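Let me begin by presenting the structure, written as structure tokens, before commenting on it.
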Amino acid sequence: MQKKFWKMHGIGNDYIYFDCFEWQPNDPASLAITLSDRHFSVGGDGVVLILPSSVADARMRMFNADGSEGKMCGNAIRCIGKFLYEIKEMRKPVLTVETLSGIKTLSLDVSDGVVRAVRVDMGKAELSPARIPAKFEGERVVNAPLSVNGAEYRVTCVSMGNPHCITFVEDPYALDLEKIGPAFEHHPAFPERVNTEFVRVDGRNELTMRVWERGSGETWACGTGACAVAVAGVLGGFCDAGADITVHLRGGDLVINYTPDAVFMTGPAAFAFTGEVEI
């Protein structure tokens, strides 16, 4: 059967979205693997299902390009906010979305009926190694040594509903991510694998990052990753808690505000195109 999809992206982090309020695929993992192929199918970083929820305006499930299911995706949830407002006609300035890492609240910046930007309450950053999870000693992992492919890195670990490992480097664009990204992702210190951010400090409250996402490889943007990077920036003394921190990613910029009680992410969401695929 033919099913409509919407290709959307948050600063280049692109997924294939399905309206699943009245229908759901039987095998979304296989669907994600097939449709994410950029040469033989639609192409994207994965597939996102937008479903009904009994506790929020909608529920999201997201599947990476390798078929693995993620708990949360910051760029995808902004796109869901735009989808719910413009396509599902939920004309509310504040929406809630149920995820595997809890219910997230979205504040929409709307002009002439179009969602221009979305501010997401991403919840509290988790710093306990056991809850990230990451196999390190102590109450938190900040600037800790980690040996990867024979080289030592200093890393900070944060969970934003999914695990992140952040390392500060001189030039993230000088790195061979295809080589070192998988080594971080599958490192034995991370029992559920890990998303890894390579970060340069550009100035006070200004950071540039590249990201290697578990299950997808390098992507143009990662919302939870930008949040984790801002948290690491504050913990490392490069950024200020409670300040707007600009994070530059390959696909564009996100603004993150971190306090010990919550992390807020603000950024755009966009439609690319629609189509139909055989399911």
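The values are calculated or read from the model by the stated rules, or taken from the named source; none is laboratory data. This one's a predicted model, so the numbers in the text were calculated from it and none came from an experiment. Cβ placement follows ideal geometry from the backbone for every residue including glycine, while neighbour counts extend to all protein chains displayed.
Values for this structure:
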quantity	calculated
Unmet requirement for Gly215, which otherwise passes all of (1) modelled with pLDDT of 95 or more; (2) crowded, with 16+ Cβ neighbours inside 10 Å; (3) within 17 Å of the chain's Cα centre (by Cα); (4) not in a helix (DSSP H, G or I)	(1)
Test: residue in the range 91-98 that is in contact with a strand residue (DSSP E or B) (Cβ under 7 Å, 6 or more places away or on another chain), loosely packed, with under 15 Cβ neighbours inside 10 Å and of a type in the set (Val, Ile, Thr)	yes
Inter-residue pairs, beta-carbon under 8 Å, first assigned by TED's automatic domain parsing to the domain that holds Gly237 and under 19 Å from Leu207 (Cβ atoms) and in the range 167-182, second in a helix (DSSP H, G or I) and of a type outside the set (Phe, Trp, Tyr), 6+ apart	Phe168/Ala232
All positions within the range 122-150 that are in contact with an Asp or Glu (Cβ under 8 Å, 6 or more places away or on another chain) and part of a strand (DSSP E or B)	Pro145, Leu146
Qualifying residue in the range 221-240 (condition: assigned to a loop (DSSP other than H, G, I, E, B), touching a residue at least 60 places away in the same chain (Cβ under 8 Å) and surrounded by fewer than 18 Cβ atoms within 10 Å (Cβ to Cβ))	yes
Where Ala183 falls short, out of the listed (1) surrounded by fewer than 16 Cβ atoms within 10 Å (Cβ to Cβ); (2) aliphatic (A, V, I, L, M); (3) in contact with a helix residue (DSSP H, G or I) (Cβ under 6 Å, 6 or more places away or on another chain)	(3)
Lone unmet requirement of (1) in contact (Cβ under 8 Å) with a residue 60 or more places away in the chain; (2) under 20 Å from Asp171 (Cβ atoms) for Arg204	(1)
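Here is a yes/no grid of residues against (1) of a type outside the set (A, V, I, L, M); (2) within 19 Å of the chain's Cα centre (by Cα):
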residue	(1), (2)
Ser147	yes, no
Tyr153	yes, no
Cys157	yes, yes
Leu177	no, yes
His187	yes, no
Phe198	yes, yes
